[in-house]
Structures are given as structure tokens and as C-alpha cells.
Amino acid sequence: MRQTDVQVLAGILALGIFVVPAILYLIALQRAPERCSLRARTVCPSQVWLMLIPAFSLVWHFLLVNHIARSLRNELVARGMPDTDP
């Protein structure tokens, strides 16, 4: 094998190991607020994709997870389900 072939295979392997799971994670994060009513949402589901901005995502990830947690809590309260916060 030539060195360029090895580099191409390494690139494809890296894509499969890092990028595909990251995209699946973002899809899962996007689905959570999508399933909440509009009143319960504290974040727009499409804002999940801001995680693809390299430096911005370091801070946005923490904020996003907080917003999704609040959206889910609001939805549970709206449905009359008990809040289990300590």
C-alpha cells in the first residue's frame, strides 16, 4: 500500500469513529426538545447544531444541556408528572 492509501483509510476510519457518533449524539439531543411542547421549550431544537462550531461548542454544550433539562422539566410539570429534584 502506498502512503496516500493509508492516509485515506485512516481518514475514513477517523470519520467512522469520531464524526458519526457525534452526529448521532446531536440528533439525540435535538429530539429531546422536539418532543416537548412549544411552551415548555427553553431552546430551539435546531440550535443543537451550533455544537459543530469548534471553539463555541466548548461553552455551548454546557448551556445546551441545561436548556434541554429545563425544557424536559417544564414538559413534565405541564403533564402533571412529579418533579424529582432534591
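The values are calculated or read from the model by the stated rules, or taken from the named source; none is laboratory data. Remember, it's a predicted structure, so these values are computed and weren't measured experimentally. We work out accessible area using only protein heavy atoms, side chains counted, and drop any ligands, DNA or RNA first. Shrake-Rupley method; radii C 1.70, N 1.55, O 1.52, S 1.80 Å.
The table below gives the values:
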item: Answer label for Rg/Rh (Cα atoms, Kirkwood Rh) (calculated), chosen among (1) 1.18; (2) 1.20; (3) 0.95; result: (2)
item: For LEU63, solvent-accessible area (1.4 Å; no DNA, RNA or ligand), Å²; result: 80 Å²
item: Average Cα contact separation per residue, the chain, under 8 Å, 6 or more apart, as relative contact order %; result: 27 percent
item: Solvent-accessible surface (1.4 angstrom probe) belonging to MET81, in square angstrom, nearest 10; result: 90 Å²
item: Per residue solvent-accessible surface (Å²) - the chain, probe of 1.4 Å; result: 76 Å²
